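> I have a structure here, written as structure tokens, and I will follow up with some questions on it.
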Amino acid sequence: MEKLYLYCIREKSKRVPSISAKGIDPQAEVFILSFRQLEAVVSKVSLGEFGSSSQIQKKAQDDPNWIKEKVLLHHQVIEKAMKDNGRQRSLIPMRFGIMFEQEKKLREALRKDYSRINEVLENLKGKQEWSLKVYLRDRRKLEKTIEANNEIIAKKQKEIDSLDEGTAFFLEEELKEIVSRQIGKQINTITKQIGLSLKKYSNQIVENKVLQKEISGRPEPMVFNASFLILDEKVKQFKQQAHNLAKQIEPQGLNLEYNGPWAAYNFSQY
């Protein structure tokens with residue numbers, strides 16, 4: 001027994017639809033299912049591995065490497081579906097684990113949601129999703145910048161320098177708290193300026209959850225995470241401005257990274 005696994009939905013191509021890729025079930029090839037002016041990118045999966053959502057969740061808990069491999073395959077298929085003879089195609093990426101018992105059920109879902117799907121695709125047409133993240137690479141650099149420009153901190157430091165070691169200890173702890181609060185404020189100010197500076201190149205901006213080190217895979221803490229939906233003709237300007245901003249904030253110990261294009265997960269609402 002098999003199910004139909006859905007990766008993404010895109011606008012129907014003028015050419016004969018095709019895609020060369022292995023599905024998340026390595027025994028099955030990815031293929032295109034056409035419905036009116038839409039194309040659903042799908043593959044078959046065995047019930048033994050993908051019987052139900054609860055079964056997938058249990059497998060993910062029991063074998064993290066299994067879910068990691070399957071999620072990677074899921075994204076690889078979507079990336080291939082985005083490319084069309086060197087041209088970037090707009091599509092609606094599905095979250096991991098969307099399955100249908102029969103082709104008929106998938107067609108029913110496409111028919112029911114046909115208008116909304118087309119609206120989303122129309123909004124994504126001619127646009128690209130780019131991600132931008134900021135990391136606190138050198139906290140001491142940022143502290144020095146703040147200390148050099150904050151009169152309250154400078155005054156407190158002078159007071160500490162004039163005291164004996166025992167008395168100064170408590171004021172030093174107080175100063176650490178003040179600096180820590182100022183770091184948060186400074187980062188907030190910088191990231192707001194980044195967003196405003198890049199807004200003119202973007203149709204939409206989504207501020208995402210800041211990822212912990214265990215998820216980001218980076219040793220330094222992430223302090224900002226956002227996605228931008230950008231018109232094709234403005235991507236070059238966006239990249240240049242992001243590059244300029246990266247150079248501006250680097251002396252303060254912050255590292256800005258941008259990359260794309262990605263499937264528009266943050267702007268497709270599916």
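The values are calculated or read from the model by the stated rules, or taken from the named source; none is laboratory data. Please read all numbers here as calculations on a predicted model, not as lab measurements. Every residue, glycine as well, gets a Cβ built from its backbone with ideal geometry; the counts of neighbours run over all protein chains shown. All accessible areas refer to the heavy atoms of the entire protein, side chains included, with ligands and DNA or RNA removed. Shrake-Rupley method; radii C 1.70, N 1.55, O 1.52, S 1.80 Å.
> May I ask you to verify whether S54 is in a strand (DSSP E or B) and under 26 Å from the mean Cα position of the chain (by Cα)?
Criteria not met by S54.
Each row is one residue, and each column tells you yes or no for (1) in a loop (DSSP other than H, G, I, E, B); (2) of a type in the set (F, W, Y); (3) surrounded by 13 or more Cβ atoms within 10 Å (Cβ to Cβ); (4) at pLDDT 90 or above.
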residue: I178; (1), (2), (3), (4): no, no, yes, no
residue: L196; (1), (2), (3), (4): no, no, no, yes
residue: I230; (1), (2), (3), (4): no, no, yes, yes
residue: Q241; (1), (2), (3), (4): no, no, yes, yes
residue: L245; (1), (2), (3), (4): no, no, yes, yes
residue: E257; (1), (2), (3), (4): no, no, yes, yes
residue: G260; (1), (2), (3), (4): no, no, yes, yes
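> Within the bounds of segment 100-110, is there any residue that is of a type in the set (D, E) and in contact with a Lys or Arg (Cβ under 8 Å, 6 or more places away or on another chain)?
Among the residues of segment 100-110, at least one is of a type in the set (D, E) and in contact with a Lys or Arg (Cβ under 8 Å, 6 or more places away or on another chain), which makes the answer yes.
> Search segment 198-228 for residues being among the basic types (K, R) and at pLDDT 90 or above, and hand back the single one that is surrounded by the fewest Cβ atoms within 10 Å (Cβ to Cβ).
If we take residues in segment 198-228 being among the basic types (K, R) and at pLDDT 90 or above, then K209 is surrounded by the fewest Cβ atoms within 10 Å (Cβ to Cβ).
> List every residue pair whose Cβ atoms lie under 7 Å apart, where the two residues are 6 or more positions apart in sequence or sit on different chains, the first residue falls within segment 117-136 and is part of a strand (DSSP E or B), and the second residue, located anywhere, is among the acidic types (D, E).
From residues that are part of a strand (DSSP E or B), the pairs are K127/D232; Q128/D232; K133/E257; Y135/E220; L136/E220.
> Name every residue in segment 30-46 that is open to solvent by less than 60 Å² (accessible area, probe 1.4 Å) and touching an Asp or Glu at 6+ places or on another chain (Cβ under 8 Å), in order of residue number.
I32, L33, L38, E39, S43, V45, S46
> Can I ask one more? Can G253 be described as more than 24 Å from N123 (Cα to Cα), in contact (Cβ under 8 Å) with a residue 40 or more places away in the chain and either open to solvent by less than 40 Å² (accessible area, probe 1.4 Å) or not basic (K, R) (or both)?
Here the answer is yes, as G253 does meet what is asked.
> Now for a different question. Within segment 198-227, count every residue that is among the basic types (K, R) and in a helix (DSSP H, G or I).
Matching residues across segment 198-227 total 2.
> Is it true that some residue in segment 85-92 is at pLDDT 90 or above, open to solvent by less than 20 Å² (accessible area, probe 1.4 Å) and part of a strand (DSSP E or B)?
Yes, there is a match, as at least one residue in segment 85-92 is at pLDDT 90 or above, open to solvent by less than 20 Å² (accessible area, probe 1.4 Å) and part of a strand (DSSP E or B).
> Of all residues in segment 111-140, which are among the aromatic types (F, W, Y) and touching a Gly at 6+ places or on another chain (Cβ under 9 Å)?
Scanning segment 111-140 gives a single hit, W130.
> Here is a further query. Checking G97 against (1) assigned to a loop (DSSP other than H, G, I, E, B); (2) open to solvent by 50 Å² or more (accessible area, probe 1.4 Å), which test does it fail?
For G97, the exception is condition (2).
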